[in-house]
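Beneath this line is the structure, given in structure tokens, with notes to follow.
Rule-based calculations on the coordinates, nothing more; no lab input. Because the structure is a prediction, the values reported are computed rather than measured. Quick reminder, even Gly has a Cβ in these numbers, built from the backbone with ideal geometry, and neighbours come from all protein chains shown.
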Ligand SMILES: Nc1nc2c(ncn2[C@@H]2O[C@H](COP(=O)(O)OP(=O)(O)O)[C@@H](O)[C@H]2O)c(=O)[nH]1
Ligand SMILES: [Mg+2]
């Protein structure tokens, strides 16, 4: 090995070790208190903006509740919906803290979008709530935009991503349900999703590919969420 190669190898090893430590620390944090706080149908019901927030968004049925459960290591902290599109509220979860201590950060489960046959008034209400939250919430550190691995980026996802671009809220793109398709199809869809992400100013270039079912990509995303919240 040349000295350059040796140095590159040492750097890669140090990076892998740091990543491992970050994942372990994040898992530890999430193994502590995680509490559902409230459902806010309007912004005035949100808790005071005193700690960092990470928001989750995606089409109805994309696997948002399932991912929240996987990240927090709980079976049903976020209710896995049986009736898609029914929840039109911001669901707030406190992470860390406890007893008399404030939470370290909050997870915000945003109402799903793209549900079939929703009346225009419901869609308008959704847009108003989400847009106002994104634009005005000073403690919002990052948003995760979930994309179903089987479907890739749909028009409604593109609209969501544009809304985030316009609100200047940076976001991670997370593919869900990776176990549902063949590896070759997954790679092809991931390439297309990455291409779409590059067109959006507020999107991170790095794509997270996850399966809550198989535990794939969860530890890495958990560490990223903690870094976004507290880093
Ligand atoms: N195979 C598989 N199914 C999943 C995964 N994540 C979610 N699902 C299923 O997708 C459906 C919708 O999930 P849910 O979390 O309720 O979606 P939400 O509407 O976005 O909150 C449920 O039947 C889940 O069991 C996954 O990683 N793999
Ligand atoms: Mg849900």
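Please report the antiparallel percentage of the DSSP beta bridges confined to the range 3-230, to the nearest 5.
Once the DSSP bridges in the range 3-230 are tallied, antiparallel ones form about 40 percent.
When a footprinting reagent is the concern and you count Cβ atoms within 10 Å, what order do 120, 71, 186 take, fewest first?
The order, fewest Cβ neighbours first, is 120, 186, 71.
Output the relative contact order of the chain, whole-number percent, from Cα pairs under 8 angstrom with separation of 6+ residues.
Taking the mean separation of contacting Cα pairs over the length of the chain, I get 22 percent.
Could I get the Rg over Rh figure for the range 93-220? Both from C-alpha atoms, Rh via Kirkwood, rounded to two places.
0.99
Starting from 0.36 nm per residue, how many nanometres of slack lie between residue 75 and residue 155 once their C-alpha separation is accounted for?
Fully extending the segment from residue 75 to residue 155 adds 25.7 nm.
Rank-order 94-100, 41-47 by packing density, defined as the average count of other C-beta atoms within 10 Å over each peptide's residues, highest first.
Packing order, densest peptide first, comes out as 94-100, 41-47.
Counting helices only, and only those DSSP H runs with n ≥ 4, report the 222 nm mean residue ellipticity of the chain as the sum of -39,500 (n - 2.57) divided by its residues, in deg cm²/dmol to the nearest 500.
Calculated from helices alone, the mean residue ellipticity at 222 nm is -14000 deg cm²/dmol.
Just to confirm the number: angle between the C-alpha axis of helix 218-230 and the first principal axis of the chain, 0 to 90 degrees, nearest 10?
70 degrees
Could you please rank 53, 155, placing first whichever residue has the fewest other Cβ atoms within 10 Å of its Cβ?
Ordered from fewest to most neighbouring Cβ atoms within 10 Å, 53, 155 come out as 155, 53.
Which value results for Rg/Rh of the range 155-196 when Rg is the Cα radius of gyration and Rh the Kirkwood radius based on the inverse mean 1/r?
Answer for the range 155-196: 1.05.
Just want the ordering: 92, 54, 181, from fewest to most Cβ atoms lying within 10 Å of their own Cβ.
Listing 92, 54, 181 from fewest to most nearby Cβ atoms yields 181, 92, 54.
Which Rg and Dmax, in Å, describe the Cα atoms of the chain?
Answer for the chain, Rg first and Dmax second: 18.1, 65 Å.
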